[in-house]
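Asks: For reference, the structure I am asking about is given below.
The values are calculated or read from the model by the stated rules, or taken from the named source; none is laboratory data. The structure displayed is predicted, hence computed values, not measured ones. For neighbour counting, all protein chains shown are included, and Cβ atoms are generated from backbone atoms with ideal geometry for every residue, glycine included. In case anyone asks, the SASA skips ligands and DNA or RNA and just uses the protein heavy atoms, side chains included. Shrake-Rupley method; radii C 1.70, N 1.55, O 1.52, S 1.80 Å.
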Amino acid sequence: MARVLKMDELIESELMHDFETSLSDIGQEPGAGAYSMSDVLALPIFQPDDCSLPLEGETEQPPFRYVMCAATSPAVKLHDETLTYLNQGQSYEIRLLDNRKVGDMTEISGKFVRSIIRVVFHDRRLQYTQHQQLEGWKWNRPGDRLLDLDIPLSVGIIDTRTNPSQLHAVEFLWDPAKRTSAFIKVHCISTEFTPRKHGGEKGVPFRIQVDTFKQNENGEYTDHLHSASCQIKVFKPKGADRKQKNDREKMEKRTPHEKEKYQPSYDTTILTEMRLEPRSTCSPWPSTPTAYVNNSPSPAPTFTSPWQSTCSVPDSISSSPNHQGYGVSQASGEQIQPSATTQETQQWLIKNRFSSYARLFSDFSGADLLKLTKEDLVQICGAADGIRLYNSLRSTLDRPRLTIYVCQEQPKSTPSQGQQQAAGSGGESSLGIPYIYHAIYLEEMVASEVARKLALVFNIPFHKINQVYRQGPTGIHILVSDQMVQNFQNESCFLFSTLKAENGDGIHLCLK
């Protein structure tokens, strides 16, 4: 009992010492008289813990969460990104969840949003050559898609869209206020993009990426809201199950100390939010050349994209930086011309999946855009999209849209119809002189381009050319229009002669 009392006295003495020390911190000595209670309350021991204060670098809560119902691998180290194994052709659910706080993004309340789900490469090396990689896969697997929706299983979507030229992406509308699940099937396997077929373990990783957009003031779904992705590997049927089992067995053989270095396996995979950085691993979201447009008061939007519509499932869903345009073949085949206005340049960027850069190039004409070097575009758009835009522009410059062969008719030579036909086949003039033809490459299918190229090749002052005619039946002169040029057959052969203009000022060119 005496020992207990002694311990109490010791503790009381230490407490008194601590209290006296605290009083000295505010400039008071014990027994010196009254002291301010506010000064006492200001002591550190009465302040709230730092953990109760908001963290300075605390991130905002993302508006949406995407959860894929597939287990993560247990053989991933603690600070590495999760890895999920999928079976080729098997349906996997992706749940799209509304994660907004009360009062956040009220502008989308009661409205649909647009999401694109796509499969992209994880490795930066393959991202740079994604278009070539996908074209090679398409060549080896004609008629197949890399990514599909399992529409009967999906819930909560409308207006699902797939594009025959975009085999790795699908898109749809959904209401964040309702339950939404997209069931996807991945048909490519990781080993299809490796130089040698080593098996699933040596295959390249992919990413499942989800990008969500809201309507802008014009009713188009182009305003980006959120992007998230996760890393996956795809195996032949049942291969993912075997790989998951093998990883689990390897982990069970490790010591408890070694197991602490690895993540546990989770039943579901949460897609990680992607920040909008210019040099991010994956493009934050795909360019959007087409858009959903809702011009009617009806709650269900109308989609005006030329994508192929696969279905419209009320209260049901479906589930995806290189690329060709999303448009129909005629639109995707259009190429930007040096003479394109700023408005036409904007339309070209949108049709060719560069709409995210349309505002950046809002003051650029076709000639301005074509003058940019590869280094310029990589610096402006980032490596992946910069190289893709450069290749799209180079395809415009490198490939003429039409080639014709033209020979200037010799003076004092009036070939008959039969001689003209021989000339069209590479014959000789009536004087025995062989016809020498020049190749004319047209970048634009317009009559003015024909006149300009003829003037350039045959050293004719362009300002002196009034009209270009084509000799028709019975020798009549038909004005060459843009529509006529568009109907020229590629590699057609023409003789042309010069005619003095009626007013004596300038000349006409006549194609025969």
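Asks: So how many residues does region 60-99 have that are in contact with a Gly (Cβ under 8 Å, 6 or more places away or on another chain) and either assigned to a loop (DSSP other than H, G, I, E, B) or at positive phi (or both)?
Replies: Matching residues across region 60-99 total 1.
Asks: Checking L53 against (1) open to solvent by 20 Å² or more (accessible area, probe 1.4 Å); (2) modelled with pLDDT of 90 or more; (3) over 19 Å from K233 (Cβ atoms): exactly one of these is not met. Which one?
Replies: Failing condition for L53: (2).
Asks: Would you mention how many residues in region 214-250 are within 18 Å of S190 (Cα to Cα) and hydroxyl-bearing (S, T, Y)?
Replies: Total satisfying the criteria: 1.
Asks: Inspect region 500-510 for any residue being under 46 Å from the mean Cα position of the chain (by Cα) and small (G, A, S) and give the result as yes or no. Lay out the reasoning, then the answer.
Replies: Step one: list which residues in region 500-510 are under 46 Å from the mean Cα position of the chain (by Cα), which gives none.
No, region 500-510 contains no residue that is under 46 Å from the mean Cα position of the chain (by Cα) and small (G, A, S).
Asks: For region 219-236, name all the residues that are aromatic (F, W, Y) and open to solvent by 10 Å² or more (accessible area, probe 1.4 Å).
Replies: Taking region 219-236 first, the residues aromatic (F, W, Y) are 221, 235.
Hit for region 219-236 is F235, nothing else.
Asks: Identify all residues within region 481-499 that are closer than 17 Å to C407 by Cα and of a type in the set (V, I, T); write none if there are none.
Replies: T498 - this is the single residue of region 481-499 that is closer than 17 Å to C407 by Cα and of a type in the set (V, I, T).
Asks: Give region 218-264 a look and list any residue that's among the small types (G, A, S) and under 24 Å from P62 (Cα atoms), or say none.
Replies: Result: G219, S227, A228, S229.
Asks: In addition: Which ones in region 479-512 are of a type in the set (A, V, I, L, M), open to solvent by less than 70 Å² (accessible area, probe 1.4 Å) and in contact with a helix residue (DSSP H, G or I) (Cβ under 9 Å, 6 or more places away or on another chain)?
Replies: V480, M484, V485, L495, A501, I507, L509, L511 - these are the residues of region 479-512 that are of a type in the set (A, V, I, L, M), open to solvent by less than 70 Å² (accessible area, probe 1.4 Å) and in contact with a helix residue (DSSP H, G or I) (Cβ under 9 Å, 6 or more places away or on another chain).
Asks: Among the residues of region 455-478 satisfying the criterion of being among the β-branched types (V, I, T) and surrounded by fewer than 16 Cβ atoms within 10 Å (Cβ to Cβ), which is nearest to R401 (Cα to Cα)?
Replies: V457
Each row is one residue, and each column tells you yes or no for (1) basic (K, R); (2) in a helix (DSSP H, G or I); (3) open to solvent by less than 10 Å² (accessible area, probe 1.4 Å).
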position: S356; (1), (2), (3): no, yes, no
position: R359; (1), (2), (3): yes, no, no
position: F364; (1), (2), (3): no, no, no
position: A367; (1), (2), (3): no, yes, no
position: V378; (1), (2), (3): no, yes, no
position: I387; (1), (2), (3): no, yes, no
position: N391; (1), (2), (3): no, yes, no
position: P400; (1), (2), (3): no, no, no
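Asks: Could I ask something else about it? Write out, first by first residue and then by second, each pair whose Cβ atoms fall under 8 Å of each other, whose residues are 6+ apart or on separate chains, and whose first residue, in region 87-114, is of a type in the set (K, R) while the second is in a loop (DSSP other than H, G, I, E, B) and surrounded by 17 or more Cβ atoms within 10 Å (Cβ to Cβ).
Replies: Hits for this filter: R95/T180; R100/P63; R100/P176; K111/D175.
Asks: What are the pairs with Cβ atoms under 7 angstrom where one residue, in region 449-472, is of a type in the set (F, W, Y) and the other, located anywhere, is surrounded by fewer than 18 Cβ atoms within 10 Å (Cβ to Cβ) and assigned to a helix (DSSP H, G or I)? Sequence gap at least six, or different chains.
Replies: The qualifying pairs are F462/R452; F462/A455.
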